[in-house]
Amino acid sequence: MRNILTVDGPSGVGKGTVARAVAQKMGWHLLDSGAIYRAFALAANSRGINTENEQALAKLAQELDLDFINDADNDLVSVYLDGKDVSNKIREEKTGDMASRVASIGVVREALLKRQRAFAREPGLVADGRDMGTKVFINAKHKVYLTASAEERASRRLKQLQQLGSEGIMSRILADVVARDERDSSREHSPLVPAKDALIIDTTDLSIDEVVTKVMTLVEA
Ligand code: C5P
């Protein structure tokens, strides 16, 4: 299936919001691949599997009991791990940090590939992540790569946390964003880089609507 739009970019750039808006406008399915890595990190943590135990991590990645359930309007996705709703828990900063650590392990990425590719169904898919255009859906018809300054992304993350009723300290969030960027960009397996055929959009001074309009222009062209 080639009706795929990949939306890659660093943490807090707004990929999730843009991907959801475009998926709704197009009537396409949505893959939030970060949620898979986040849920996987929670599962590994609750089983006490540490990052050195690659064999146990690969086995867990294959057996992961993970479900994404859409609400009736298709605008809210609940994430179930081992039968429990972890939709809020996966969004916590510490889960994001754990996710970025396990995501650097090659065998984990390989084991989660099939699960991600299974989201590609008619009439189309919007896939959001770090390596959607460079690895998971290399033949996607449309690819975008979103960027924004680290300060802008940290400030967006702070707002997101506040909306979820959590506290956040700007300086700490900024330090986390920078550390996560460094880890995601310098890792050996699927480092965060734009696909050669991706449209790069710097969103620092753009509203969500402006970004969505640019992406829709690409998809509809
Ligand atoms: O996008 P999100 O912040 O939810 O992703 C959490 C972490 O999972 C990222 O920091 C990144 O390390 C990892 N990830 C990844 N590849 C993806 C999606 C997420 O390595 N396709």
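The values are calculated or read from the model by the stated rules, or taken from the named source; none is laboratory data. This one's a predicted model, so the numbers in the text were calculated from it and none came from an experiment. Note: ideal-geometry Cβ built from the backbone for every residue, glycine included; neighbour counts use all protein chains shown. Side chains included, ligands, DNA and RNA excluded: accessible areas come from the protein's heavy atoms. Shrake-Rupley method; radii C 1.70, N 1.55, O 1.52, S 1.80 Å.
Quick notes on this structure:
- Residue match in segment 74-81 (condition: open to solvent by less than 30 Å² (accessible area, probe 1.4 Å), in a helix (DSSP H, G or I) and touching a residue at least 40 places away in the same chain (Cβ under 8 Å)): no
- Selection from segment 99-118 of residues that are surrounded by 19 or more Cβ atoms within 10 Å (Cβ to Cβ) and within 12 Å of the ligand (Cβ to nearest atom): Ala99, Ser100, Val102, Ala103, Ile105, Val108, Arg109, Leu112, Gln116
- Residues of segment 8-27 that are touching a helix residue (DSSP H, G or I) at 6+ places or on another chain (Cβ under 6 Å) and within 10 Å of the ligand (Cβ to nearest atom): Asp8, Gly9, Pro10, Ser11, Gly12, Val13.
This table checks each residue for (1) farther than 14 Å from Pro10 by Cβ; (2) in contact (Cβ under 8 Å) with a residue 12 or more places away in the chain; (3) surrounded by fewer than 20 Cβ atoms within 10 Å (Cβ to Cβ).
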{"site": "Glu122", "(1), (2), (3)": "yes, yes, yes"}
{"site": "Asn139", "(1), (2), (3)": "yes, yes, yes"}
{"site": "His142", "(1), (2), (3)": "yes, yes, no"}
{"site": "Ala148", "(1), (2), (3)": "no, yes, no"}
{"site": "Leu161", "(1), (2), (3)": "yes, yes, yes"}
{"site": "Met170", "(1), (2), (3)": "yes, yes, yes"}
{"site": "Arg183", "(1), (2), (3)": "no, yes, yes"}
{"site": "His189", "(1), (2), (3)": "yes, yes, yes"}
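Residue-by-condition table, conditions (1) in a loop (DSSP other than H, G, I, E, B); (2) over 14 Å from the mean Cα position of the chain (by Cα):
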site: Ile90; (1), (2): no, no
site: Ser100; (1), (2): no, no
site: Ala140; (1), (2): yes, yes
site: Ser166; (1), (2): yes, yes
site: Arg180; (1), (2): no, no
site: Pro191; (1), (2): yes, no
site: Asp205; (1), (2): yes, yes
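- Taking segment 168-178 as the range and being under 19 Å from the mean Cα position of the chain (by Cα) and either assigned to a strand (DSSP E or B) or not aliphatic (A, V, I, L, M) (or both) as the test, only Asp176 passes.
- Selection status of Glu122, more than 11 Å from the ligand (Cβ to nearest atom) and either part of a loop (DSSP other than H, G, I, E, B) or not acidic (Asp, Glu) (or both): yes
- Candidates are the residues of segment 28-59 that are touching a Lys or Arg at 6+ places or on another chain (Cβ under 7 Å), hydrophobic (A, V, I, L, M, F, W, C) and open to solvent by 10 Å² or more (accessible area, probe 1.4 Å); the one that is farthest from the ligand (Cβ to nearest atom) is Leu30.
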